1. Which residue pairs have Cβ atoms under 8 Å apart, sit 6 or more places apart or on different chains, and have a first residue in segment 39-54 that is under 16 Å from LEU18 (Cβ atoms) and a second that is at pLDDT 85 or above and not β-branched (Val, Ile, Thr)?
2. Which of the helices (runs of 4 or more DSSP H) found entirely inside the chain contain at least 1 residues meeting this: modelled with pLDDT of 85 or more and surrounded by 10 or more Cβ atoms within 10 Å (Cβ to Cβ)?
Amino acid sequence: MDSIDMILSHFTVQSDQLPSHFIMAGDNHSRGVLMQPLPFADKKLISKSDDELVYLSKELEQVNWNNAANIYSHIANIIAENKIE
């Protein structure tokens, strides 16, 4: 597997989770967004959301991590948050 995107996508398929799209924050492979739409979601709206998340991920690459949620607050809600130390 050539990239973290491929590894995460492979894990999603192997673990029987909903299809997911991992959007990395530019060249910063330690930051990114997971989009996991529900099975009945409108594919056109998913595509539009995906485009916006890719655009916003450029800002995520350099923003202070404590302010990262503010980038997406107009289109998403935080459901859960974990920190790995």
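The values are calculated or read from the model by the stated rules, or taken from the named source; none is laboratory data. Keep in mind that this is a model prediction, so the values were computed, not measured. Here the Cβ is made from the backbone with ideal geometry for all residues, glycine too, and neighbour counts use every protein chain on show.
1. Note: no pairs meet the criteria.
2. In the chain, 43-60, 68-72 are the helices (runs of 4 or more DSSP H) which contain 1 or more residues that are modelled with pLDDT of 85 or more and surrounded by 10 or more Cβ atoms within 10 Å (Cβ to Cβ).
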